[in-house]
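Here the structure comes first, spelled out in structure tokens, and everything after it is commentary.
The values are calculated or read from the model by the stated rules, or taken from the named source; none is laboratory data. Small disclaimer: the values here were computed from a predicted structure and weren't measured. Please note: Cβ atoms are built from the backbone with ideal geometry, for glycine as well, and neighbour counts cover all protein chains shown. Note: accessible area is taken over every heavy atom of the protein model, side chains too, but ligands, DNA and RNA are not part of it. Shrake-Rupley method; radii C 1.70, N 1.55, O 1.52, S 1.80 Å.
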Amino acid sequence: MGARYFGAAVKRLEDPKLITGRGQYLDDIPMPGVLHVAVVRSPHAHALINAIDASMARDHAGVVAVLTAADLGEMAQKPMPMMAPAPMVKTPLTQSPLANGSVHYVGEAVALVVAESRAVAEDAAAMVMVDYDPLPAMVDLAHALKDGANLANKALQSNLAGTLKGGFGDVAGVFAKAAHVFKETLSLHRGGCHAMECRGVMARPDPAGNRIDIWSSTQSPYMVRRALALCLGMDEASVRVTAPDVGGGFGPKAVVYAEDYAIPMAARHLGRPLKWVEDRGEHFVATTQQRDQLWELEVAADAQGRMLGVRGHCLHDNGAYLPYGVVLPVTSMSSFPGPYALEALEISLDVIYTNMVPNTPVRGAGRPNTCFVLERLADRVARELGIPREDVRRRSFVQASQFPYETGMKARDGSPVSYDSGDYVQCLDLAVAKFGSDFKARQDKARAEGRYIGMGIASYVEDTGLAPYEGATIRVQPNGKVLLLTGAAAQGQGHKTVFAQIAADQLGISPQDITVEAGDTSLFPLGIGTIASRVAVTGGSSVHMAAVETRAKAIKVASQVLEAQEADLVLEGGFVKVSGTDRQVSLGQLALMLHGNFGQPLPAGIAPGLSATAFYEARQTTFANGTNLCEVEVDIETGAVKILRYVVAHDCGTLINPMLVDGQIRGGVVHGIGNALFERMIYDENGQPQTTNYGEYLLPLATEMPRIEIVHMESPSPRNPIGVKGAGEGGTIPAAACVISAIEDALSPFNARLKSHPVSPQDLVQLVDQG
Amino acid sequence: MKASAFAYHDPKTVQELNSLLGSLENVRILAGGQSLMPMLNMRYAFPDHVIDINHIADLAELAMTPAGLRIGAMTRQRIVREHPLVLQHAPVLAEALHWVGHVQTRARGTIGGSLCHLDPAAEQPCIAALYDAVLHVSGPRGARDVPMRDWVVSYMTPNLEPDEALLGLTLPVWTTQGQNVGHGFHEFARRHGDYAIVAAAALVSLDAGKVVRRAAIALAGVDVKPVRLDIAEQALLGQVLDHDLIATVSAMAATIEMMEDAHITPAYRGRLAQTMTKRALTDALNRATGGRNV
Amino acid sequence: MSELDHAQTTRHIRVTVNGVSYERDVLTRTHLGDFLRQELGLTGTHLGCEHGVCGACTIILDGQPIRSCLMLAVQADGAVIRTIEGLAQADGTLHPVQEAFWDKHGLQCGFCTPGMLTTLAAVLEADPTMDETAIREAISGNICRCTGYETIVDAALQAASRMRGGH
Ligand code: FES
Ligand code: FES
């Protein structure tokens, strides 16, 4: 068997329908008799609800119902379960499907208006009179733990949800003996995911009330099924959840939201199919966001600029609730020490409640945060010691000879964190080589002309292929075509194509002969979700295992049919052939045989069906890594930043489809550039969001984005059968750090110090003026 | 995000428009829709009546008249930007339109719509100010002309009575014989197609010795209305235009009073006003002396 | 608005979409994007913001790319419209921009794609000599969160070349 498709830039199987307008996203699914829902949302960041008067709304022509938590029963009033329980949190707060007596951020769902059209539902939503008692809002993270700070929730004694601590080594000793110790205060700001398709939920109860079909624009259909079945007290088999074509996810669509509960509950209550489609205004206030953190850190380095230790403290804003427990701060914590072989580390992280939209992972989760602070520290060491920034990294990295490398940190299950494979120095060198060695000369020349260009650098390590598992079924059909079923749905990543590539090589067929169905809970029994750069590893490995098993079965049966030795058989062009002869049997014929006929036993020792199901359980994490370099020019008259070049050296193990990996990297980098330069979700002191449309909240556009030059290194992971590591977030994680590093370098004649992002042109002009 | 209900009217003539304006309450006029439609969809505007003026044919005319270049309010930005008369007589308008929105919004958006929406940083009102444009208004009580200096009443509010509509404007373009006219337009926006933070437009007319015989500089984004930089215009007159002079007069842009909002400081606006003025004047100088007559 | 009568809030319109003519009664408040999607079932046109910034809703109206969320359906009376569903030929032959998006991985989730394709089809049909700068400007009103734009630009350049008769 040769690898014809695995590793090749195969054009996507997903594309023909998507480029012709035949995709079927949630709002495209025809649903006879469907009613439309508008959600009444809190206009206050923190308030008690005294009463809700929906009488005028109910009387509006075309309105079918106005439903509050009280109307939908006890489960609608109870806090939703945390998606990742966090025993360390003393006062765990999650919202209820509809507000139950109080609201804790602008945008929290209060009531549903059900009507014949969305427009009518919106008309009536404005007529629902909610009597609020506004309470002081907690929005200032820096003061959240100070005396007299407003409390984000009446249930709290303090805004502190909990403190995470992590580290290793003799921190005091390392800092005491270090040649240099530098201190930094750094911060990051929140943005949103801004998938181009907003969220949406549609639910269709059966007339008898025994079953419900749910469509959700989600990254985690199985989590939605689990949550709904438990909440509604139904069998999982009676709750079918489908993720149709999903127009981008980027993390926040992995959350099971209030609407994921409330819409199916309301549909059952009314016995009618209901649809709610989030509009962009709602997306700004009702879809989770991320990245607000304030850091105080110190780094210890030796005289040569090798980083020896880091210690620090972080205030982490998790917004009004903990829908995903403390997963987000945990990813920040567990991303230390990054690519650096530190002798000692001590980090504490206070998880804070505020009256803003809850936070859950957005592309990169807590990793871009940790990367930003570590890379700022590395740049600081380089500057203070007057050595090239890449040398601090080369000297401080985990070295190739050290793999597998135990960092000293503990994984979520308490086991030691162990980096599996790679050569971080070589990967950095690849980036440096691609970038070229003439930068310094060009920078000097530019400065002589009054132009300010700078080079940025950022390196990272990313834990990918998160536990526990994904699975796949491969079934050869009597027509010779293959059905591949899995729980791992996609939101644009191209899972169908890569899964088909993996299976095609094993089965000796073309990917076009494989139909992949993903994200429908009625087709495959179990799944987790498409998050945390995990599906190539978990889903891909399970597909590989199922394909290997199917292949073995085909060979076993064919050896009987063809009366040949198994060792002489090859799979090619849809046939099992006796090599060197013209004897063959098609996969379709074998499948037909194994489907069985009345009264005829199957061959002894062969189970029915030319098919196999496999689950890949991720027992150990795989670690991708990379280094980015970029070049920017800052116009010191306006503060404008232009990214002139962007180079990525990236190692995500064995590549399944380099074209698709490049796509993940490019999209990820641009998301990170957005975080560095454009995206700023502003709240005023009362917790009112100020940037709630695309005129106010700036996403990266084609005119400002650079080309992204990519070099791959392939260090196969020894921890899964196909050697892959995840690639979904590696673009985003270092990008903001890299751009900020470049701006600081460009403005070094002004002694500019960049300590946060996003940076605006106005901020940069101020730095220039102070310099 | 769906508009609230309204009655729709589509007059075919100015007379029909006037009589609708005279008889209806709580009206919004729908021109190219690029500003009003978002406000309707987001329910920032709740009109009872929408009067669509896309069907009034004479409102989309563009012609040279003795008073200058007359542009109907409903002329699409795409058409204005490519129109031979604009390119010949007011190329700075075409240049400014390069910065306005995107290909899809310019295909529908109109010059009249922009002049009525009046975003403080918008390019088209800035050009109208540059030329001391005259705006032609009509209503059931008759027609009137409003000079651009009197057009902006307050933040995003034009000098229009509730029953009036803008029909078009006239740009008294420069027809200076024997002199070299040059133009420049620069703006600073966060991204291509965004409203500017600050924009500057410049027109200069130079004699053979590069002496400034006429000058106009207009800034957008420094106040609720486009501002003519009179002090700088005065300082240019009679002087030989060179880079030192440009530097001197551009600095005046930073000295005028700047509006303030939650996100942009007056100091930063001032800096941008200076920089954009300098760049616009530099382009104008280069064009005037590069032999390219406007 | 209760006093508004039916005649003022409903209109009868005729439009030609992808070569097919349709006649429908429409509510005057309905924007063209909703009309295409809900009344005509042409759900290939996507709504990403409904306030005129994302470009997902772009269609080609009388030859020009426009945002269908920024136009009332009633205003399209008499118009000739092309949507994403009408870019390929009747026999299924893809438009060069569609072909190029497939070749160059110009899409991931595909949600922005109809708007990208209609915009590029319109501007490249008008001018297939566009270079990278012109192409980036032409799609500066179309937001894509997935691709980082580079492969979209590459696809557009390939399509432009094919439309000029190259390969
Ligand atoms: S939906 Fe029309 S521009 Fe976004
Ligand atoms: S492909 Fe997903 S938004 Fe462009």
### Message
Of the residues A:ILE733, A:ILE743, A:ILE673, only one is open to solvent by less than 10 Å² (accessible area, probe 1.4 Å), within 16 Å of ligand 2 (Cβ to nearest atom), among the aliphatic types (A, V, I, L, M) and under 30 Å from A:VAL392 (Cβ atoms); which?
### Response
A:ILE673
### Query
Going by the structure shown, is C:LEU40 open to solvent by 10 Å² or more (accessible area, probe 1.4 Å), over 27 Å from A:LEU699 (Cβ atoms), away from ligand 1 (no atom under 16 Å from the Cβ) and facing chain A (nearest Cβ under 8 Å)?
no
### Query
How many residues, within the range C:91-103, are more than 8 Å from chain A (Cβ to nearest Cβ) and in contact (Cβ under 8 Å) with a residue 24 or more places away in the chain?
5
### Query
Out of (1) within 14 Å of chain B (Cβ to nearest Cβ); (2) within 27 Å of A:THR692 (Cβ to Cβ); (3) open to solvent by 10 Å² or more (accessible area, probe 1.4 Å), the odd one out for C:GLU125 is which?
(2)
### Task
Look at the range C:50-66 and say how many of its residues are free of Cβ contacts under 8 Å to residues at least 24 places away in the same chain and near ligand 1 (Cβ under 8 Å from one of its atoms).
3
### Message
Which numbered condition in (1) touching a Gly at 6+ places or on another chain (Cβ under 7 Å); (2) surrounded by fewer than 19 Cβ atoms within 10 Å (Cβ to Cβ); (3) not in a loop (DSSP other than H, G, I, E, B) is the only one that B:ASP145 fails?
### Response
(1)
### Verdict on B:ALA129 being modelled with pLDDT of 95 or more, away from chain C (no Cβ under 14 Å), part of a helix (DSSP H, G or I) and over 23 Å from B:ALA57 (Cα atoms)
yes
### Tally, over the range C:104-119, of residues that are within 16 Å of ligand 1 (Cβ to nearest atom) and more than 7 Å from chain A (Cβ to nearest Cβ)
4
### Task
Could you list, in sequence order, all residues of the range A:567-579 that are open to solvent by 90 Å² or more (accessible area, probe 1.4 Å) and without any contact (Cβ under 8 Å) to a residue 12 or more places away in the chain?
A:ALA567
### Task
State the number of residues belonging to the range B:237-264 that are at pLDDT 95 or above and within 11 Å of another protein chain (Cβ to nearest Cβ).
1
### Task
Only residues that are open to solvent by 10 Å² or more (accessible area, probe 1.4 Å), part of a helix (DSSP H, G or I) and of a type in the set (A, V, I, L, M): list them for the range B:206-235, please.
B:ILE231, B:ALA235
### Message
Any residue at all in the range A:673-688 that's assigned to a loop (DSSP other than H, G, I, E, B), within 9 Å of another protein chain (Cβ to nearest Cβ) and more than 15 Å from B:ASP194 (Cβ to Cβ)?
### Response
yes
### Task
Among residues belonging to the range B:236-271 that are over 15 Å from B:VAL222 (Cβ atoms) and β-branched (Val, Ile, Thr), point out the one that is surrounded by the most Cβ atoms within 10 Å (Cβ to Cβ).
B:VAL249
### Task
Select, from A:ALA208, A:ALA149, the only residue that is hydrophobic (A, V, I, L, M, F, W, C), assigned to a loop (DSSP other than H, G, I, E, B) and modelled with pLDDT under 95.
A:ALA208
## Note on the structure
Given (1) more than 10 Å from chain A (Cβ to nearest Cβ); (2) farther than 18 Å from A:ILE19 by Cβ; (3) within 15 Å of ligand 2 (Cβ to nearest atom), C:TYR22 misses just (3)
### Checklist (1) part of a loop (DSSP other than H, G, I, E, B); (2) crowded, with 24+ Cβ neighbours inside 10 Å; (3) away from ligand 2 (no atom under 16 Å from the Cβ) applied to C:GLY78, failing item
(2)
### Query
Taking the range A:384-416 on its own, how many of its residues are surrounded by 21 or more Cβ atoms within 10 Å (Cβ to Cβ) and within 14 Å of A:GLY166 (Cα to Cα)?
1
### Message
Considering only the range A:250-261, I want to know if a residue exists there that is open to solvent by less than 10 Å² (accessible area, probe 1.4 Å), hydrophobic (A, V, I, L, M, F, W, C), farther than 22 Å from A:LEU485 by Cβ and assigned to a helix (DSSP H, G or I).
### Response
yes
### Query
For the range C:43-60, which residues satisfy the criterion of being more than 8 Å from chain A (Cβ to nearest Cβ) and within 16 Å of ligand 2 (Cβ to nearest atom)?
C:GLY55, C:CYS57, C:THR58
### Query
of a type in the set (S, T, N, Q), assigned by TED's automatic domain parsing to the domain that holds A:VAL34 and either in contact with a strand residue (DSSP E or B) (Cβ under 7 Å, 6 or more places away or on another chain) or closer than 22 Å to A:ALA84 by Cα (or both) - does that describe any residue in the range A:199-217?
yes
### Task
Report, ordered by the first and then the second residue, all pairs with beta carbons closer than 7 Å, sequence separation of six or more or different chains, a first member in the range A:307-321 that is within 16 Å of A:TYR683 (Cα to Cα) and touching a residue at least 60 places away in the same chain (Cβ under 8 Å), and a second member that is β-branched (Val, Ile, Thr) and in a loop (DSSP other than H, G, I, E, B).
A:ASP317/A:THR354; A:GLY319/A:THR354; A:GLY319/A:VAL357; A:ALA320/A:THR354
### Summary
Scanning the range A:220-241 residue by residue, those of a type in the set (Ser, Thr, Tyr), surrounded by fewer than 18 Cβ atoms within 10 Å (Cβ to Cβ) and either in contact with a Cys (Cβ under 6 Å, 6 or more places away or on another chain) or in contact (Cβ under 8 Å) with a residue 60 or more places away in the chain (or both) turn out to be none
### Task
Might you let me know whether the range A:688-700 holds any residue that is open to solvent by 10 Å² or more (accessible area, probe 1.4 Å), among the charged types (D, E, K, R) and within 24 Å of A:VAL632 (Cβ to Cβ)?
no
### Query
Filtering the range A:463-514 down to residues that are of a type in the set (D, E, K, R) and modelled with pLDDT of 95 or more, which residue is farthest from ligand 2 (Cβ to nearest atom)?
A:ARG475
### Task
With respect to A:VAL647, determine if the residue is open to solvent by 10 Å² or more (accessible area, probe 1.4 Å) and in contact with a Leu (Cβ under 6 Å, 6 or more places away or on another chain).
no
